[in-house]
Amino acid sequence: MEDDIVIVAATRTAVGKFGGSLAKIPAAELGAKVIKSLLQKTGLKPDQVSEVIMGQVLTAGDGQNPARQASIKGGLPDMVPAMTIGKVCGSGLKAVHLAAQALRCGDADVIIAGGQENMSASGHVLKGSRDGFRMGDAKLVDTMIVDGLWDVYNQYHMGTTAENVAKKYEVSRAEQDAFATASQNK
């Protein structure tokens, strides 16, 4: 059909261990490597890409619009627009969803969409420091926890949410592990 949306190629950023060999590589650098790889795999010319949409939750201190950074570092022209989506765990999938919508609407012909993240590279912030501290202690806030892993509504870690959902729907740890393994192997 004329309006079918097609995924032409897929690749993923490297998966590392927390604090491991990829810890110092910014998420945008990982995204740039994926973009370069996709261009090579598909034979697309950089100017054939209409847009880049990347999900990334942990952006504090990474500079403006990490998707655009990845786009430019990945070899795409400055004129290619890029958008970073922050939807916690669903960011990369939402990026693909938005790409499909833009393609279906005729707003674009070719879109690179996905996710980029590096939890190890997320920093700490010192809230209240803009105006200076006159007396007393200050607290560093871990952006990986506060921006990515903390349920702001219930005030607990997202791991606790997973346990609550598993308990509610009676999903055992063995079933969770089997599902995760099958998902990873796809």
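Only the coordinates and a few stated rules stand behind these numbers; no lab work does. Owing to the predicted nature of the structure, the values given are computational and were not obtained by experimental measurement. Counting neighbours? That spans all protein chains shown, and the Cβs are built from the backbone with ideal geometry, glycine included.
Considering every alpha-carbon pair of the stretch 124-185, the percent of pairs per 10 Å bin, from zero through the bin containing the longest distance, is 18, 29, 27, 13, 10, 2. For the stretch 11-68, which trypsin sites (Lys or Arg not before Pro) are both in a DSSP coil and crowded by at most 12 other Cβ atoms within 10 Å? Of the trypsin sites (Lys or Arg not before Pro), the ones in loops of the stretch 11-68 whose Cβ has at most 12 other Cβ atoms within 10 Å are ARG12, LYS17, LYS24.
Local charge sum around LYS41 (other residues, Cβ-Cβ under 14 Å, Lys/Arg +1, Asp/Glu -1)? So the environment of LYS41 carries a net charge of +4. Of all stretches in the chain that contain no chymotrypsin sites (Phe, Trp or Tyr not before Pro) in a DSSP loop with at most 14 other Cβ atoms within 10 Å, the longest one is 19-132. Rounded to the nearest Hz, the phi-derived 3J(HN,Hα) couplings of the stretch 160-166 under the Karplus curve 6.51 cos²θ - 1.76 cosθ + 1.60 (θ = phi - 60°) are 5, 4, 4, 5, 5, 5, 4, where x marks glycine and proline.
Using a Gaussian network model of the chain with C-alpha springs under 10 Å, which one of ALA108, ALA82, ALA174 is most mobile by mean-square fluctuation? Ranking ALA108, ALA82, ALA174 by mean-square fluctuation puts ALA174 first.
The value given for the chain is a Kirkwood hydrodynamic radius of 18.6 Å, derived from the mean inverse Cα-Cα separation.
For ALA113, the residues whose amide H sits under 5 Å from its own are ILE53, ignoring neighbours fewer than 5 places away on the same chain, with H placed 1.01 Å from N. Taken over the Cα atoms of the stretch 27-115, the convex hull encloses 82 Å³ per residue. With both residues required to sit in the chain, DSSP beta bridges show an antiparallel share near 35%. Working from Cα pairs under 8 Å separated by at least six residues, relative contact order for the chain is 22 percent.
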